[in-house]
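Before any comments, here is the structure.
The values are calculated or read from the model by the stated rules, or taken from the named source; none is laboratory data. As the structure is a prediction and not an experimental result, all values here were calculated from the model. Here the Cβ positions follow ideal geometry from the backbone for every residue, glycine too, while neighbour counts run over all protein chains shown. SASA here: full protein model, heavy atoms, side chains in, ligands and nucleic acids out. Shrake-Rupley method; radii C 1.70, N 1.55, O 1.52, S 1.80 Å.
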Amino acid sequence: MLTDDKLNFLSQIGKALAGQFGENCEVVIHRIDPNDMNHTIVSIENGQVSSRQLGDDSSQIVLETLKKDPTELKDHINYITHTHDGRVLKSSTLYLKDGQGNLEAIFTVNYDVSNLIMAENVLHSFTAVKTKEDSNEPSFVPQNVNELLDDLIQESVKLVGKPVSLMTKEDKVKSIQFLNSKGAFLVTKSGDKVSQYFNISKYTLYSYIDAKKESVKNFV
């Protein structure tokens, strides 16, 4: 668990970064507590960048992180995300662990480069980022976990490529295992919402989550 002393130190660094790079630089600290994933943001500077504030919900990256072994987590530096109003962010995420190797906090810097990209022809060398050839579409920064869950459900439907009304059992298994791999079921009462959306019972939902499907490894 992240101690107050560590949080104060990280918050001090966050204030320095935000002060150095100005109002377009957001610094967010998530405290990792599996018992409370609805209020993970314990420190934030320039929250107007992503329209978030102190005490807000988990982001998609937090939920996905909790599905992974802490030993596999590697800092993710200089990648692209989008806000829901279309602005482009250059982001970096650091995973902070305790002495036993358990994840206790996530430290993220999001810099709004939207205006710079508009002038990319003359500032290309400043705005260029390295991307992996096999990277997925940029993820979004939701304002709350309900919005995040809605986004993940739409991603799962897009993955199958057909509306729920036309999905077979195998299609629904694929969608639900995708949601599970993304940490969607860590959101409070997500099971009820997903069951209703896919028109299945809670019992069926859990059986689909546990179903052996080799392709799910592609979504982790």
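Scan segment 15-28 and give yes if some residue there is within 24 Å of Ser190 (Cβ to Cβ) and assigned to a loop (DSSP other than H, G, I, E, B), otherwise no. Can you show your working first?
If we filter segment 15-28 for residues that are within 24 Å of Ser190 (Cβ to Cβ), which is where we start, we get 28.
Filter again for assigned to a loop (DSSP other than H, G, I, E, B), leaving none.
Looking through segment 15-28, none of the residues is within 24 Å of Ser190 (Cβ to Cβ) and assigned to a loop (DSSP other than H, G, I, E, B).
Starting from segment 1-29, take each residue that is closer than 9 Å to Asn46 by Cα and list its partners that are in a helix (DSSP H, G or I) and among the β-branched types (Val, Ile, Thr), counting only C-beta distances under 6 angstrom and pairs at least six apart or across chains.
Glu26/Val49
Identify, by number, the condition in (1) outside any loop (DSSP other than H, G, I, E, B); (2) of a type in the set (Gly, Ala, Ser); (3) within 19 Å of Leu148 (Cβ to Cβ) that Ser92 doesn't meet.
Every listed condition holds for Ser92 apart from (3).
Which of the numbered conditions does Val141 fail, given that it passes all the others? Conditions: (1) more than 24 Å from Val88 (Cβ to Cβ); (2) open to solvent by less than 40 Å² (accessible area, probe 1.4 Å); (3) at pLDDT below 80.
(1)
Can you list residue pairs whose Cβ atoms sit under 8 Å apart, with the first residue in segment 80-91 being at negative phi and the second being part of a loop (DSSP other than H, G, I, E, B) and open to solvent by less than 50 Å² (accessible area, probe 1.4 Å)? Count only pairs 6 or more apart in sequence or on different chains.
Listed pairs, sorted by first residue: Ile80/Val129; Thr83/Ser50; His84/Pro142; Val88/Val113; Leu89/Ser50; Leu89/Val113; Lys90/Val113; Lys90/Val129.
Restricting to segment 39-69, what's the tally of residues that are of a type in the set (Lys, Arg) and either without any contact (Cβ under 8 Å) to a residue 60 or more places away in the chain or closer than 18 Å to Leu89 by Cα (or both)? Outline the logic, then answer.
Filtering segment 39-69 for residues of a type in the set (Lys, Arg) gives 52, 67-68.
Checking which are either without any contact (Cβ under 8 Å) to a residue 60 or more places away in the chain or closer than 18 Å to Leu89 by Cα (or both) leaves us with 52.
Number of matching residues: 1.
Mind checking which pairs have a first residue in segment 200-218 that is more than 19 Å from Lys68 (Cβ to Cβ) and among the charged types (D, E, K, R) and a second that is at pLDDT below 60 and loosely packed, with under 14 Cβ neighbours inside 10 Å, Cβ under 9 Å, 6 or more apart or different chains?
The qualifying pairs do not exist here.
For the structure I just gave you, tell me whether Ile80 is over 15 Å from the mean Cα position of the chain (by Cα) and part of a strand (DSSP E or B). So that I can check it myself, show each step before the final result.
Values: over 15 Å from the mean Cα position of the chain (by Cα): no; part of a strand (DSSP E or B): yes.
For Ile80, the condition - over 15 Å from the mean Cα position of the chain (by Cα) and part of a strand (DSSP E or B) - is not met.
So for segment 41-54 (the condition being open to solvent by 40 Å² or more (accessible area, probe 1.4 Å), part of a loop (DSSP other than H, G, I, E, B), among the hydroxyl-bearing types (Ser, Thr, Tyr) and under 20 Å from Asn144 (Cα atoms)), does at least one residue qualify?
yes
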